[in-house]
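Inspection log for the structure reproduced underneath, given as structure tokens.
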Amino acid sequence: MQMREWLDHNDARPGEDDDRATGYPFGFMDEGAKREVRRSILKAVAIPGYQVPYGSREMPIARGWGTGGIQITLSLVLPEDVLKVIDQGCDGSVNAVNIKKFVQAVADVEITTDTRSATVIQTRHRIPEEPMTAEQILVLQVPYPEALREVEPSEAETRRMHAEADYSRMWLFLYEDIVKYGEISISYRFPVTVNGRYIMDPSPIPRWDVPKLHMADTLFLFGAGREKRIYAIPPHTRVEPLEFEDHLFRVEDFSGKVCARCGASDTFMDEIIDNEAGERLYYCSDSGYCDKRYGQCNNH
Amino acid sequence: MQQPLIKVRGLSKRFGAGCELCLSSTGPDRESNVCPHCGSVVACNDVSFDLYRNEALGIVGESGSGKSTLVRLLHFEWEAGGGTVELHRTAIVPALDEIFTDGADYSANLLGLSPFQKRQVRNALMGIVYQNPFLGLRMQVSSGGNIAERLLGAGWRNIGAMRKRSAELLERTEIPVERMDEPPMNFSGGMQQRVQIAKALSNNPLILFLDEVTTGLDLSVQARVLDLIRSIRSEFNLSLLVVSHDLGVINLLCQRTMVMKYGRVVEAGLTDQILQDPQHRYTQLLVASQL
């Protein structure tokens, strides 16, 4: 059964000839719930990097599949918004497509794959390659909001550590990494200091995307539905990856690698192994950006 | 005359609900620290003393007498029930000028500071060595990392500089520097104790708490650890608070000694005086049985 049918079927009033889901408030969540999420967002923006607890609602998908991001998106969208949803850079993955369809059904928004024309972008584990503007909002889905969880299993204790800015154990973890491997071995979820105060988990974005958070024009909102936390990076906020004076943060190195589809050499790339030819190929992880470049090349 | 580095007055700690009769029905005279009326434990009651610079003060007593409780309270690990701890102005805590009011020689009561401020005081001024190295060290983290943790807490962000400092301290405490990246788990008890001492010294503390540091070590290792403590005291100009039930250790390290029993100080004075001419019945028993 399609979701469209299910919504119609379960509607007390017979479905009108309308593209929107009937029997549900605009944006699926009731007004009280949306208001609570918005209040939490405001608090998160006021205290950059601080994890604001909120009452995560049941969504029609399982917790851990982007429910935090969906709740933020649903509480923000207006019918005139243009929505883009990506999953690890890809507009066409099952998860991204489902979320897109759902938001469209309950909030009647326009859908796009173009980063520039979107007003709200919900993303799992990537930040789009094209620079975003002050008019746009990026909503990130977060599986583990607590950056200190790696070094401290107790929630009470990590809250105390945040409250007192007691971060020596996190730094110790990085020190040990450097002693063992010669550099920090965290490839994604690289911890950052926000506005010189809180250590924050930037969600599992690759290192490549971390510098995009620093002094950006865009508002970044982070939603963890299962863990019931919302946090934010307001525009023009300092976001510094944890680094040592003699071991500086660096992003992934793709020098010499070119996207096999669009020819880009300045993007975050996925490695694909062609079994038949035994070749290693690289493709842009950001499919919307790749499509755009590919289209431009083919038009010439 | 020199002014004390820290002044401790009326320090108290009670575990349990507590009642009005707790204090009057416990103590050395009652031969108990458990209140018969409410079952609370009076771990430490009305302890007052001064600690001077470059001085070693011993605290001696049987197990359960409140020696370790006292150290935990002063190290801000446990919340004190009452009392004051004041710091002399010469002990400078970076970024914490606000605890000294203008013109006063002594700080505000340290026990009344926020947890954040307490940690700053602890990071800047204090070091601690526990009887059990598991309490003071992260056994799975390298020895160098254990030392670096305190430096990181104090804002160091240069791996090379931290490793240099760790190597110096390990060398000073006679741990082979090439074993710096090994976890203390791999070390013998005496070596673990020396790594703890290196860790405690990493932030150049003014005050070092030693909680039964040599208990459980064999005699030759004990002697080396005590030797080390004696030499670092003069080298780093440290004030030591030495907790031990072993009068030999106290005799070797401390100029002054307090004797505790059932949470109270029963006798205090020069170590020689206490050992040669004990006044309190319990001290007499202690000296007679050990020397």
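Give me a count of the residues in the stretch A:237-248 that are under 26 Å from A:ARG159 (Cα atoms) and part of a loop (DSSP other than H, G, I, E, B).
So the answer is 4.
Those residues that are more than 13 Å from B:GLU55 (Cα to Cα) and not acidic (Asp, Glu), I need them from the stretch B:232-249; list them, please.
Answer for the stretch B:232-249, where residues must be more than 13 Å from B:GLU55 (Cα to Cα) and not acidic (Asp, Glu): B:VAL243, B:SER244, B:HIS245, B:LEU247, B:GLY248, B:VAL249.
Considering only residues of the stretch B:131-187 that are within 14 Å of chain A (Cβ to nearest Cβ), of a type in the set (D, E, K, R) and over 21 Å from the mean Cα position of the chain (by Cα), which is surrounded by the fewest Cβ atoms within 10 Å (Cβ to Cβ)?
Filtering first and then ranking leaves B:GLU178.
Any residue in the stretch A:164-172 that is surrounded by 21 or more Cβ atoms within 10 Å (Cβ to Cβ) and within 17 Å of the chain's Cα centre (by Cα)?
no
Please go through the stretch B:56-100 and pick out each residue that is closer than 22 Å to B:ILE232 by Cβ and surrounded by fewer than 15 Cβ atoms within 10 Å (Cβ to Cβ).
Passing the criteria: B:THR90, B:ILE92.
Residues in the stretch A:272-293: is at least one of a type in the set (Gly, Ala, Ser) and touching a Leu at 6+ places or on another chain (Cβ under 9 Å)?
No, the conditions are met nowhere in the stretch A:272-293.
Do you know which of the residues in the stretch B:22-60 that are out of contact with any Leu (no Cβ under 8 Å at 6 or more places or on another chain) and of a type in the set (Gly, Ala, Ser) is nearest to B:GLU212 (Cα to Cα)?
B:ALA43
Would the stretch A:60-82 turn up any residue that is in contact with a strand residue (DSSP E or B) (Cβ under 8 Å, 6 or more places away or on another chain) and closer than 22 Å to A:HIS162 by Cβ?
Yes, the stretch A:60-82 contains at least one residue that is in contact with a strand residue (DSSP E or B) (Cβ under 8 Å, 6 or more places away or on another chain) and closer than 22 Å to A:HIS162 by Cβ.
Of all residues being of a type in the set (Ser, Thr, Tyr) and in a loop (DSSP other than H, G, I, E, B) in the stretch B:50-99, which is farthest from B:VAL243 (Cα to Cα)? Just the residue, please.
B:THR90
With the stretch B:181-264 as the region, which helices (runs of 4 or more DSSP H) entirely inside it contain at least 3 residues that are of a type in the set (D, E, K, R)? Full working, then the answer.
Details: elements: B:189-201, B:219-236, B:247-253.
Qualifying helices (runs of 4 or more DSSP H): B:219-236.
If you go through the stretch B:213-238 one residue at a time, how many are touching an Asp or Glu at 6+ places or on another chain (Cβ under 8 Å) and more than 26 Å from B:ALA167 (Cβ to Cβ)?
Matching residues across the stretch B:213-238 total 1.
Values in this text are rule-based calculations from the coordinates and carry no lab data. The model shown is predicted, which means the values in this text are computed figures rather than measured ones. Glycine gets a Cβ as well: all are built from the backbone with ideal geometry, and neighbour counts include every protein chain shown.
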